[in-house]
Each structure stands twice: as C-alpha cells, then as structure tokens.
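To start, the structure under review is shown below, and the notes come after it.
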Amino acid sequence: MYAQMVKTAGHGIKPRDRMTPQERAFQDRIDAGEKIEPKDWMPDEYRATLIRQIGQHAHSEIVGQLPEGNWITRAPTLERKAILLAKVQDEAGHGLYLYSACETLGVSRDELIAMLHAGKMKYSSIFNYPTLNWADIGAVGWLVDGAAIMNQVQLQKTSYGPYARAMVRICKEESFHQRQGFSIMMKMAAGTPAQKRMAQDALNRLWFPSLMMFGPPDKDSAHTAQSMAWKIKINTNDELRQRFVDQTVPQIDYLGLERPDPDLKWNPDKADGKGGFDYSDPDWAEFFAVLKGNGPCNTDRMKARVDAWEQGAWVRDGLSAHAAKRAARSAQQTAAQ
Ligand code: FAQ
C-alpha cells in the first residue's frame, strides 16, 4: 500500500549524432548556459525529467511539514513554537512555488497530487522516518534542511528558468531553517546529561537517513548522467553527499557530540589531495525498501495527505463555485455593455 513507484531502467545520454537538428540546437543552448523558459521548445524527456524532479521536490516540501507540524503544539517555549510555526509555513510556501514551476511544464497541481496519492510519484525518503522527541526537531532542521540546502544551492543554477528562480528564495529560507535546527541542538547538547543524550540519539538515528536524501550512489543513479548533460542537476549525488559530510562533521565536533559513524575520519588524500571525510555508506537496501513504501511512516504520511485532500474537498468546491459565479457575472456585464 502506498508504494512509491521505483523505475529501474537507467537512461543513457543520447549521443549528439543521434539527436535531431532541433535536439542539437537545444543542447547547444544548454551548453552555452542559457536558461530554458516555459514556451521554449524542449525534448519530451527533458520536460518529463523536470516534472518528475520538481514534482517530487514539491511533494517533499508538503509531506515534509508532517513530522515537524506534529511538534508545534509541544514546543518547549513560546519562542520555539513561533519559530517552528514559521518554518513549517515556509515549507508550504516552497511546495506552492514548486507546484507552480511544475505547472509551467503543462501539468496541473491536481494531476501532480493525484499521482502522489496513487503512488506514481515520490517524495523524499527522509520524511518516512518519525520525529520521536524535541531533539529530533533540532536534528531535522540541522541535518535534513542542511542536506536540502546542499542540494538546492546548486539547483539555483539549474537550466530550467522557473525552477532556478524558485530555488533562490527557497534557499534563503532553508538557511534560516538550518540555523534554527542547529540552535536547538546547541541548547540540547549543552543542557543536562539527559538532554545531551537525546541530542546524540537524534543525531545517531537521523544521520544515515539524511545521507540517503542525496539519492543512490552515482553508479546506481538512473538519471544523473542525462540530468547533468541537460544541466538539470549540476552535481552528482555522491559529490553533494561528500560536501554535506565535510560540512557537518566539524559541526558535530563543535556540539561536543560523538560522530554517529566510526568510519567518519579525515582523509587528506581524498578529492585529489584536497581532503575529505571518509564515511560509511547508508544501508541502501533500507533506502530502496523505504522508496517501495516500507519505511516506518510511509502509510501514516500518505494517509495524512489523502485525508487532508479529501477533507478539503468542500473548500475547493466552494472556491470553484464562487469563481464560476464571478466569471458568469462578469460575462453578463460585458454582454450588457
Ligand atoms: N527519496 O537517478 P536518481 C526538502 C529516486 S528537501 C525518494 O539518482 P535523480 C526540504 C529518484 O526519484 C528534499 N526518492 O534520481 C524540507 C529515482 O526514482 P524514479 C527534497 C529518491 O532525480 C526540509 C530513483 O530514486 N529535495 O524537502 C531519493 O537524478 C525539511 C533513482 O535516483 C529534492 O527533491 C530520495 N532521497 O536524483 C522540507 C531536491 N533519491 O523517479 C520540509 C530535488 C533518489 O526513477 C522539512 N531533487 N530517489 O522512479 C533532486 O535533486 C534529485 O531528484 C535527487 C535524486 C538528488 C533527490
């Protein structure tokens, strides 16, 4: 139930000599760094890849409200409540910008939502893990939003104009989200021994699921090669995962927490001598199980979304009826003039 469809077939890059003249001209525009706009010609596969990725991203923002929204009423202070409320509202806004960007590709928001509910589109694997206590809210902001920014900063340069522009504002807000999470972690890690244990436990549980957010290893990534040729993606999954690890380990040390993976060690020889942290791979079998609908919270998350959609039907009906009445009235007035 509620499986998230997994495509297994990989897509190679179409060689230039097999492209039509129109496809070659399109690729030349991409190679020259031009932005592609909604009314421009684009290959069907480019359009489909964008709908898949932007739609999945939009769904992630909306489903991603659930694990945190659950804690708004249980925030420890009024200030923390106000901050969390603002963050969760931001996520709704991000979903709306992204659904709008997706609509410019010729698919409606209702169609995207119907595909999500039918298990034909995905949302990020991370939101299928539970938030068990307040320390988890800190770890989500710090690690999950931290991973999201690492991915999204490069998406500001993506080749599709509406997606790139949506990302600029989203990144600014994500950086506030990451800081609020780190601020909670600082408080917990410097608190009582019990609070510090909670912070450590949250880090331990959310570390590997956060690494999974960047997608499967490059060697198993079906879409990376073509998406990079089209500059939809600017970096590979493994490049971004490594950057995230390198950015986050010093923060773990700063918090005075133990590294959640014994293999997290500085390796000066990595990245052609620039250095980087070695780390253990997440359990990729677990990742694919979560994508197939078998994570700890898949069923609950989808039920919450489907229920919200069904219970909101009267609002949509009311708004549509009101819009139809206004349109009819304005048509009557125009006819009378
Ligand atoms: N979860 O060939 P690739 C946020 C799927 S941030 C689920 O490598 P691609 C902010 C992939 O779709 C989170 N599915 O795929 C927030 C494909 O399946 P398909 C959202 C995943 O697209 C914070 C298959 O595996 N951010 O929400 C995942 O080239 C806190 C093969 O993978 C974005 O969506 C995954 N983690 O690279 C909100 C960023 N990884 O379609 C609230 C934009 C892979 O063939 C609270 N997206 N898959 O059936 C991207 O950058 C890319 O789509 C990747 C995957 C990097 C996620």
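In Å², what does the accessible area per residue of the stretch 152-192 work out to with a 1.4 Å probe?
42
Subtract the Cα-Cα distance of residue 14 and residue 197 from 0.36 nm times their separation in residues, and report this length gain in nm to one decimal.
Result for the pair: 60.7 nm of gain on full extension.
Taking a probe of 1.4 Å, how large is the accessible area per residue of the stretch 276-337, in Å²?
For the stretch 276-337, the per-residue accessible area is 67 Å².
Could you name the lysines in cross-link range of residue 233, using Cα to Cα under 16 Å and dropping any fewer than eight places away on the same chain?
Reachable lysines: 35, 157, 219.
Checking the cross-link filter: which lysines have an alpha carbon closer than 28 Å to that of residue 81, excluding same-chain neighbours under 8 positions apart?
172, 187, 196, 303
Please compute the per residue accessible area over the stretch 224-264 with all protein chains in place, 1.4 Å probe, rounded to a whole number of Å².
41
For the pair residue 77/residue 274, report the inter-label distance in nm, with labels modelled 7 Å from Cα in the Cβ direction.
3.9
Amide H neighbours of residue 277 under 5 Å, counting only residues 5+ apart in sequence or on other chains, H built in-plane at 1.01 Å?
It is 246, 267, by chain and number.
Within the chain, what whole-number % of the accessible surface is contributed by carbon and sulfur, with the 1.4 Å probe and all protein chains included in the calculation?
Its accessible area is 56 percent carbon and sulfur atoms.
Can you tell me how much longer the chain between residue 110 and residue 31 gets when fully stretched, taken as 0.36 nm per residue apart minus their C-alpha distance, in nm with one decimal?
Length gained, residue 110 through residue 31: 25.1 nm.
Using a 1.4 angstrom probe on the protein heavy atoms only, line up 236, 192 by accessible area, largest first.
Of 236, 192, the descending order of accessible area is 192, 236.
Would you calculate, for the chain, the mean residue ellipticity at 222 nm contributed by helices, counting each DSSP H stretch of 4 or more residues as -39,500 (n - 2.57) and dividing by all residues, to the nearest 500?
-20000 deg cm²/dmol
Which of 22, 226, 152 moves the most in a Gaussian network model of the chain with Cα springs under 10 Å?
22
Which value, in Å² and to the nearest 10, is the accessible area of residue 51 when all protein chains are kept and the probe is 1.4 Å?
Rounded to the nearest 10, the figure is 30 Å².
In percent, how large is the relative contact order of the stretch 115-204, given Cα pairs closer than 8 Å and 6 or more residues apart?
Reported as a whole number, the value is 34 percent.
Under the rule of at least 5 residues apart or a separate chain, name every residue whose amide H is placed under 5 Å from the amide H of residue 36.
160, 161
Can you pull a Stokes-Einstein diffusion coefficient for the chain at 25 °C (0.890 mPa s), Rh from Kirkwood over Cα pairs, as a whole number of µm²/s?
Estimated via Stokes-Einstein, D reaches 113 µm²/s.
Taking springs between alpha-carbon atoms closer than 10 angstrom, which of 304, 222, 327 fluctuates most in the Gaussian network model of the chain?
Between 304, 222, 327, it is 327 that shows the largest mean-square fluctuation.
Normalised by the residues of the chain, what does the relative contact order come to in percent, with Cα pairs under 8 Å and at least six apart?
In percent, rounded to a whole number, it is 22.
The values are calculated or read from the model by the stated rules, or taken from the named source; none is laboratory data. Because the structure is predicted, anything quoted here is derived from the model rather than measured. Heads up, the Cβs are rebuilt from the backbone with ideal geometry, glycines too, and the neighbour counts pull from every protein chain shown. Keep in mind that these areas ignore ligands, DNA and RNA; they rest on the heavy atoms of the full protein, side chains included. Shrake-Rupley method; radii C 1.70, N 1.55, O 1.52, S 1.80 Å.
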